[in-house]
Amino acid sequence: MIIVTLRNGAIREQSVSNIIAGVFLLCGAGLPAAAQSYHVAHSFKLGGGGGWDYLALDTARHRLFIAHQDRIVVVDPDSGKVLGEITGLNRAHGVAFAYETGHGFATSGADSTVTMFDLKSLRVLGHTMVPPDDDAVLYDPGDQAHLHLQRRCAFRHRDRCRLR
């Protein structure tokens, strides 16, 4: 696993042991597997060409963010009504929410950027460059200075992008 921290435009890489992942696997090995029962709750036709990617549920405002080609489509998960879009992405992937700041983040894999947007208005606030082919994104409220990015090119690699 590699952690990349961007500081003042300089990239610093640190190797991190994979022991943590092994510990999680070993801890879960002794637990009985609970039976899961999944079902389709709603089905909506949103239309539009191109690929679809990650979904993210905004639990605070009850909205579903769906990565779709060059945009993030924001949908009411009960009615399927499109509530808005975050445009200007190039191969949209993941979305993360920083509720305490009122900001959201969307990865754009083809141009290696993360787009920051206002959670209330969905207005784009800015972009930052990240390591190539960013994919999934997580925001850790305990570490408010970083976004955690997953690269498509190597599933084991995880990057941290400094927000300040």
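The values are calculated or read from the model by the stated rules, or taken from the named source; none is laboratory data. Predicted model only: the values in this text are computed from it and were never measured. Backbone-built Cβ (ideal geometry, glycine too); neighbour counts: all protein chains shown.
Only one entry in 89, 55, 122 is in contact with an Asp or Glu (Cβ under 6 Å, 6 or more places away or on another chain) and over 22 Å from residue 143 (Cβ atoms), namely 89.
For region 130-138, check the following and say yes or no: at least one residue is buried (at least 19 other Cβ atoms within 10 Å of the Cβ), without any contact (Cβ under 8 Å) to a residue 40 or more places away in the chain and either under 25 Å from residue 62 (Cα atoms) or aliphatic (A, V, I, L, M) (or both). No: zero hits. Kindly check whether there is at least one residue in region 125-140 that is closer than 21 Å to residue 46 by Cβ, of a type in the set (Val, Ile, Thr), under 15 Å from the mean Cα position of the chain (by Cα) and at pLDDT 75 or above. The answer is no; no qualifying residue exists.
Quick one: residue 106 ticks every box in (1) crowded, with 18+ Cβ neighbours inside 10 Å; (2) at pLDDT below 85; (3) not β-branched (Val, Ile, Thr) bar one, so which box is it? Only one criterion in (1) crowded, with 18+ Cβ neighbours inside 10 Å; (2) at pLDDT below 85; (3) not β-branched (Val, Ile, Thr) is unmet by residue 106, namely (2).
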